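What follows is a single structure, written as structure tokens, with notes after it.
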Amino acid sequence: MPQYHIWTVGCQVNTADSAKLAAGLRRLGMDPTDQPRDADLIVLNTCAVRQHAEDKAQAKLGSLKHLKRTNPNLRIAVMGCMVGPHTARGDDPITKRFSFVDAWAQPQRFDQVVNLLDLPGIPEPEDDGGEFWPEIFPDETQPTAFVPVIEGCDKFCTYCIVPLRRGRERSRPIDEIAREIEAHTQRGVREVTLLGQTVEAYGKDQPPVDPDTDHADLSDLMREIHELPNLQRIRQLTSYPPDMTDRILEGMAELPKVCEAFSLPVQAGSDDVLTNMRRGYSVAQFRERVDKVRSLWPDVSISTDVIVGFPGETESDFLDTYDLLEDMRFDKVHVAAYSPRTGTFAERHQPDDVPHELKMERLHRIEELQRDISFRINNRYLLTDVEVLLESTKPSDTEGMERHTGRTRTMKLVHFDAPVGEFRPGDMLDVSITRVGAWSLQGQPSLGSSQGEPA
């Protein structure tokens, strides 16, 4: 049986795309393999948001050259955000550097990968894909699943390559998404995360559900999937302040399965930097949306993203960001030092004028600040019971026990030990927290928690 190997780096959207491609390849009669040397088809699903991810993908690609040399029948495809329109056309220097690659497929262009499948034993595909390959759903084997609901981005922040690689915003129809999630729940999925580069932009190109609105929105989608019988949790990722309307937020707050957790990037705490980034909001507007979220979900967990060292960032600008994080006290902060991405407005018109050493100093100052804030927030969970969806299990250091890992509704990572066979991934149970750290919690099953019973 022909075999495929998929290597993935980057965000949850890439993870979901790879899972969908794998399901399609299995339908075409291929088997997965963990070993590239055994594969008839190798696909690298890449990321170009940061230089490190692109360097990692190029190093991986370079390591495959000898496989192609020893096996000329091997097919190699590169997809994801490293592939722009000019790359797909062969106009990008990278296509000359890696001339042994058979296909450069833009994000979601699964058909460009499938078209390589002229291998013996591969049937002609019944559906060559299209942008969403609508009738193929990933074969999830875990209790959680990522479900892309809107592709692309219309925001065009000056530093970001995503709109140039993934195109404009395009929403999937509600009924198509609902069918996919129902298929997931029939395979044991209990929690779904609705994905989009700016997920609250969902539905602007879809017909209205409510006759009093001009179009569908994220809350309409959540209402549609909320009553699926085996679905227990709904999450969304990633949020963008101007798209977070009161209607969406208030609609979400009415749905018990929607979790109290948001990923809400601010990127900078200085209005001057936000303007240079073309983020589309001010610090005051960002604060107002966070206040709205916290008013609807008093126990909400909010993570944010920050870029330090953006072109023109002064010490005063940085301190504005530092002070904002200190004041707003997010549960987690993903901080990155700015690096120019080829083809973006910032790369062409905004000189990278903050020294690397200063970028790293600022990054470490924020990391140190956030470590203390995260620990203090997590300390509130000590000696409390939390609802945990068990995601994975591995052997424990203690004989006769297993180490379990899951997450709370507020996205806190929880570890606990239990006797072998007592719990399995997909179980929902209460865990008593006995120890906390900045990034995770530890505990033990509460009295009364038993296998398979919802907490």
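Since every read-out is calculated from the coordinates, none of them should be taken as a lab result. Everything quoted here is computed from the prediction, not taken from an experiment. Please note: Cβ atoms are built from the backbone with ideal geometry, for glycine as well, and neighbour counts cover all protein chains shown.
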Counting only Cβ distances under 4.7 Å between cysteines, those in the chain with no partner are C11, C47, C81, C153, C259
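Just round it to a whole percent: the fraction of Cα-Cα distances in the stretch 3-114 exceeding 26 Å. Don't skip to the end; give the middle numbers.
On the way: 606 of 6216 pairs.
Value for the stretch 3-114 (Cα pairs over 26 Å): 10 percent.
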Cut-off 17 Å (backbone N to label point 7 Å along Cα→Cβ of E422), residues of the stretch 375-404: 385-404
Spin-label zone in the stretch 346-368 - amide nitrogen under 19 Å from a point set 7 Å from the Cα of H86 along the C-beta vector: 346-352
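So how much slack lies between E182 and R329, counting 0.36 nm per residue of separation and subtracting their Cα-Cα distance, in nm? Mind dumping the intermediate values first?
Working: separation 147, 0.36 × 147 = 52.92 nm, distance 3.66 nm.
Roughly 49.3 nm would be gained on extension.
With +1 assigned to the C-beta of every Lys and Arg and -1 to the C-beta of every Asp and Glu, and no other charges, what is the dipole magnitude of the chain about the Cα centre in debye, to the nearest 20?
Working: 53 positive and 75 negative charges, 260 e Å.
My answer is approximately 1240 debye.
Beyond 20 Å, how much of the Cα-Cα pair distribution for the stretch 385-445 remains, as a whole percent? Can you show the working numbers first?
Details: 271 of 1830 pairs.
Roughly 15 percent, once rounded to a whole number.
Just want to confirm a number: the relative contact order over the stretch 144-379, from Cα pairs under 8 angstrom separated by 6+ residues, in percent.
Working: 394 pairs, mean separation 40.6, N = 236.
Reported relative contact order: 17 percent.
Efficiency by 1/(1 + (r/R0)^6): what FRET value for S316 and D154, r their Cβ-Cβ distance, R0 = 51 Å, to the nearest 0.05? Don't skip to the answer; put the middle values down first.
Values: r = 31 Å, r/R0 = 0.61.
Given R0 = 51 Å and the Cβ-Cβ separation, E is 0.95.
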Under the 7 Å Cα-to-Cβ spin-label approximation, T384 and E368 lie apart by a distance in nanometres of 2.9 nm
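Pairs of alpha-carbon atoms within less than 8 angstrom and 6+ residues apart define the contacts here; what relative contact order does the stretch 382-452 have, in percent? Kindly include the intermediate steps, with their values, before the conclusion.
Details: 167 pairs, mean separation 23.5, N = 71.
Dividing the mean separation by the residue count of the stretch 382-452 yields 33 percent.
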Residue-averaged 222 nm ellipticity for the chain, from DSSP H runs of 4+ at -39500 (n - 2.57), nearest 500: -9500 deg cm²/dmol
Quick check: Cα centre of the stretch 177-214 to Cα centre of the stretch 14-51, how many Å? 24 Å
Could you tell me what percent of the DSSP beta bridges with both partners in the chain are antiparallel, to the nearest 5? 40 percent
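Estimate the FRET efficiency between E254 and D118 by the formula 1/(1 + (r/R0)^6), using the beta-carbon distance for r and 45 Å for R0, to the nearest 0.05. Display every interim value, and only then the final one.
Working: r = 52 Å, r/R0 = 1.15.
Here the calculated transfer efficiency is 0.30.
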Find which of V414, G80, H226 sits farthest along the positive direction of the dipole of the chain, computed with +1 on the beta-carbon of Lys and Arg, -1 on that of Asp and Glu, about the Cα centre. G80
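Can you give the extra length, in nm with one decimal, that the chain gains between T245 and S295 once fully stretched, where that is 0.36 nm per residue apart less the Cα-Cα distance? Please report the intermediate quantities before stating the final value.
Numbers: separation 50, 0.36 × 50 = 18.00 nm, distance 1.41 nm.
So the extension gain works out to 16.6 nm.
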Taking R0 as 41 Å, what FRET efficiency do you get between T342 and S440 from their Cβ-Cβ distance, rounded to the nearest 0.05? 0.65
Between D31 and Q51, 0.36 nm times their residue separation minus their Cα-Cα distance comes to what? 4.0 nm
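Normalised by the residues of the chain, what does the relative contact order come to in percent, with Cα pairs under 8 Å and at least six apart?
Numbers: 890 pairs, mean separation 44.8, N = 455.
10 percent.
Sort 28-35, 373-380 by the packing proxy (mean of other Cβ within 10 Å over each peptide's residues), most packed first.
Working: 28-35: 14.0, 373-380: 15.8.
In decreasing order of mean packing, 28-35, 373-380 become 373-380, 28-35.
Let me make sure I get this right: for the chain, a, b and c are the square roots of the gyration tensor eigenvalues over alpha carbons, sorted descending. Under 1.5 in a/c it's rounded, otherwise prolate if a/b > b/c, else oblate. Which is it? Walk me through the numbers before you get to the answer.
Values: a/c = 1.42, a/b = 1.11, b/c = 1.28.
Taking the square roots of the gyration eigenvalues as a ≥ b ≥ c, the chain is rounded.
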